[in-house]
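Before any comments, here is the structure.
What follows draws every value from the coordinates through simple rules; no lab data is involved. Not measured: the values here are computed from a predicted model.
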Amino acid sequence: MITEIAISEDNEVEALLEMIRFDTTQLKLKDGSFVNARDHIRGKIVVLYFSASWCNPCRQFTPLMKQLSEKIAETNQPIEVILVSKDYMRFQMEDYYEKAGFSFAVIPLKDPIIEKLMAAYNVAELPSCRVVDERGYLIDSDARFKVEQYNREKRQITELFDQWRHKQTAMCV
């Protein structure tokens, strides 16, 4: 079993500050419209999906993220998947998004918050997933591996959603 990656206290503080700065970040939705990130994630668990079109492991993992997103929508979960792209050019990201059939929100390419979130949540490789609450508190640092494990074992992904909600609730007490 993979253990949780520790996030240092300094990085957690930095992560919280970046989530606060989400007040000025705009997310692009599938329909092309933009929404305020803070408003969009209010009351939700957030899955930050760090990926890029040029990354082979990302292209292999992306169908699982698409399934995760579809299951979230199907079961009406208060969970928001946000693509954090490390592509170099906007057309690469947009082409990747379209071909993958993503339906989740995207932080616009080159937004300074991308690098700050990567540093704050210790993202050193792609693909990576970090699950956080709306305030930026880390709920799950190895979500990528858990999503892969649930898929491999043919387990119900909704069990993972329950784990995330349980951790979120425990953090609020």
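Pairs of Lys residues in region 9-172 that lie 8 or more places apart, or on two chains, and have C-alpha atoms under 20 angstrom apart add up to 29. Here the Karplus curve 6.51 cos²θ - 1.76 cosθ + 1.60, taken at θ = phi - 60°, turns the phi angles of region 114-119 into couplings of 4, 5, 5, 5, 4, 5 Hz, with x standing for Gly and Pro. Using the Karplus relation 6.51 cos²θ - 1.76 cosθ + 1.60 with θ = phi - 60°, the per-residue 3J(HN,Hα) values for region 126-131 come to 10, x, 9, 10, 10, 9 Hz, with x marking Gly and Pro.
Once amide H atoms are placed 1.01 Å from N in the peptide plane, what residues at a sequence separation of 5 or more from ILE45, or on another chain, have their amide H within under 5 Å of its amide H? Residues meeting the amide H criterion: ILE79, GLU80.
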